[in-house]
Amino acid sequence: MATTNSSLSSVSIISDFKEITKMRLSLSVVFSAIAGYLLGAETIDFGTIVLLAFGGYFMVGASNAYNQIIERDLDVLMDRTKNRPIPTGRISVNSAFALAVTFTILGIATLYIINPRTAMYGAISIFLYTSVYTPLKTKTPFSVFAGAIPGAIPFMLGWVAARDNFGIESGTLFAIQFFWQFPHFWAIGWFLFEDYKKGGFFMLPTGKRDKGTARQIIIYTIWTVLVSIIPVFGVTGDLKLSIVAAAIVFALGLVMIFYSLELFKKRTAQAAKQLMLASVAYITLLQIVYVADKFIR
């Protein structure tokens, strides 16, 4: 019986750790950072990849822990968040804060080993997510713009880790993920509209699930696709894309545009959820195509 209780306790601790650091989101950030590194690296160093993976996870894990501390009273009000570790009391605020501070220190220190510039962007990301994006969520739809900045850092962070500089290449990677954030998060804000309203969050640009919001989603989706194929024109320095790869990325983008148009036409939660899933597939496959194209070309 004691062994069973111990096993259940261990499972609970792991589950709570995964939830407070948002493991799935954190791993997607690590994936983006590694993709950026592979694009920028002239010689691949697996030690740097390991440091980037751990540093990236610490960075996002810290941001999410701070976020859940700040929003703990609002999380209780929403169905999607009321069972998180802090609202339920499974993790105390002090414990969560200790974890967040520890992860902040470990994240910045780990990224600093790669190079100071990478650590600086990691620190900026934590600051913007925690101190700008999180407080703005209950005040203005502008919060999505503020959140898009730290959200776009991981892809370019990998390039900075590889090259130790910020130029047109890393700027382009940043722009791709920056514009992508808008249709992605507005789609989430659409199908979780009623739940977000319980917590007082303003996520949609017009504040409503209307044609105005849907129209902006289409515009930003098109911008995302256009920015994503810019490297094929040879204007982004060492960041290059073959015609075949650009065609694949464009085709993937057309799928995302299709679902944004479907949302405009139907304006349903289901259509928004389909767009959200399409956006996740788009950014993941885009990064795979970019990396594969570099090594095949």
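The values are calculated or read from the model by the stated rules, or taken from the named source; none is laboratory data. Remember, it's a predicted structure, so these values are computed and weren't measured experimentally. Heads up, the Cβs are rebuilt from the backbone with ideal geometry, glycines too, and the neighbour counts pull from every protein chain shown. Calculation scope for accessible area: heavy atoms of the full protein, side chains included, ligands and nucleic acids excluded. Shrake-Rupley method; radii C 1.70, N 1.55, O 1.52, S 1.80 Å.
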Can you divide the C-alpha Rg of segment 23-62 by 2.2 N^0.38 Å and report the result to two decimal places?
1.12
Among V76, T48, L136 the positive-end extreme of the charge dipole of segment 45-149 (Cβ point charges)
V76
For segment 166-202 versus segment 135-151, the gap between their alpha-carbon centres in whole angstrom:
9
Excluding V244 itself, calculate the net charge of residues whose Cβ lies under 13 Å from the Cβ of V244, where each Lys or Arg counts +1 and each Asp or Glu counts -1.
+2
Using mean Cβ contacts within 10 Å as the protection proxy, how do 72-79, 18-25 order, highest first?
18-25, 72-79
Percent carbon-and-sulfur accessible area, segment 225-268, ignoring ligands, DNA and RNA, probe 1.4 Å
74
Pairs to check: K240/K266; K18/K273; K137/K294; K197/K265; K18/K211. Give those whose C-alpha atoms are more than 32 Å from each other in this structure.
K240/K266; K137/K294; K18/K211
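Given the -39500 (n - 2.57) contribution per DSSP H run of 4+ residues, what per-residue ellipticity at 222 nm results for the chain, rounded to the nearest 500 deg cm²/dmol?
The per-residue figure over the chain is -25500 deg cm²/dmol.
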Segment 69-171 - percent of accessible surface contributed by carbon and sulfur, probe 1.4 Å
64
Relative contact order of segment 153-290 (C-alpha contacts under 8 Å, at least 6 apart) in percent is 28
Histogram of C-alpha separations across the chain, 10 Å bin width, %:
7, 26, 33, 24, 9, 1, 0
Charges at C-beta only: +1 for Lys and Arg, -1 for Asp and Glu. How large is the resulting dipole of segment 12-95 about its Cα centre, in Debye rounded to 20?
280
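Taking the inverse of the average 1/r across all pairs of different Cα atoms in segment 41-197, what Kirkwood radius in Å do you get?
16.6
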For segment 49-140, what is the convex hull (Cα atoms) projected area averaged across all directions, in square nanometres?
6.3
If each K or R counts +1 and each D or E counts -1, the residues other than F17 whose Cβ falls under 14 Å of its Cβ total +3
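Can you give me the accessible area per residue for the chain, using a 1.4 Å probe, in Å²?
Each residue of the chain exposes 46 Å² on average to a 1.4 Å probe.
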Packing-based order for 107-115, 33-41, using average beta carbon neighbours within 10 Å, highest first:
33-41, 107-115
